[in-house]
Amino acid sequence: MAETPATLSESWYRIAGQHAALRPHVSVRRQYYRGERCYVLHDPVNNQFFRLRPAAYEFVMRLRLDRTIEEVAQQCLELNPDEAPGQEEIIRLLSQLYSSNLLHSDLPPDSAKLFDRFKQRRQREIQSKWLNIMFARIHCWIRTTC
């Protein structure tokens, strides 16, 4: 079955030949969220959670270092053409998993990028803590005299 233009991406060529897989320490749990089945990835190292819909989960669980991303996408499309994620969705999903540090690949790691990602995440955490402090709720009792 041919893909519709809505599922195609002009950036697909950049990742189609890459090899990626979930990190081995990531655990998966099936849950129901708002009445729909979903899968939650949990990284115990960073204590981060990531929720996937069933079709995205099927794609992610087929990722292996001995298969290209394009092979996995094609396999998902053949097995379930109506629900399989499109190229844009796959790119977005892989980038989110990569930025959450849940994926590893056969490419040599870029230590500087890994450190930058960690530093950016740490800065966001610190910034959110400071914003929470700045917007602390302070109760004021104003007494008016009549």
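The values are calculated or read from the model by the stated rules, or taken from the named source; none is laboratory data. Note that the structure is predicted; figures quoted are calculated from it, not measured. Cβ coordinates were reconstructed from backbone atoms using ideal geometry, including for glycine residues, and neighbour counts include every protein chain displayed.
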Checklist entry - Can you name every residue in the range 47-61 that is basic (Lys, Arg) and touching an Asp or Glu at 6+ places or on another chain (Cβ under 9 Å)? => result Arg53
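Condition first: of a type outside the set (Val, Ile, Thr), under 20 Å from Glu78 (Cβ atoms) and modelled with pLDDT of 80 or more. Now tell me which residues in the range 1-17 satisfy that.
Trp12, Ala16, Gly17
Take the range 24-44 and flag every residue that is touching a residue at least 24 places away in the same chain (Cβ under 8 Å) and assigned to a loop (DSSP other than H, G, I, E, B).
Val26 - this is the single residue of the range 24-44 that is touching a residue at least 24 places away in the same chain (Cβ under 8 Å) and assigned to a loop (DSSP other than H, G, I, E, B).
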Checklist entry - Which pairs have Cβ atoms under 9 Å, sit 6 or more apart or on different chains, and link a residue in the range 7-20 that is buried (at least 16 other Cβ atoms within 10 Å of the Cβ) to one that is part of a helix (DSSP H, G or I) and among the aromatic types (Phe, Trp, Tyr)? => result Ala20/Tyr98
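Out of the range 21-39, which residues are surrounded by fewer than 13 Cβ atoms within 10 Å (Cβ to Cβ) and among the β-branched types (Val, Ile, Thr)?
none
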Item to check | Single residue of the range 56-98 satisfying the filter (among the basic types (Lys, Arg) and in a helix (DSSP H, G or I)) that is surrounded by the fewest Cβ atoms within 10 Å (Cβ to Cβ) | outcome: Arg92
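Is it the case, given these coordinates, that Tyr33 is under 29 Å from Lys119 (Cα atoms) and of a type in the set (Ser, Thr, Tyr)?
Working: under 29 Å from Lys119 (Cα atoms): no; of a type in the set (Ser, Thr, Tyr): yes.
For Tyr33, the condition - under 29 Å from Lys119 (Cα atoms) and of a type in the set (Ser, Thr, Tyr) - is not met.
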Checklist entry - Restricting the range 91-137 to residues that are at pLDDT below 65 and aliphatic (A, V, I, L, M), which is nearest to the chain's Cα centre (by Cα)? => result Leu114
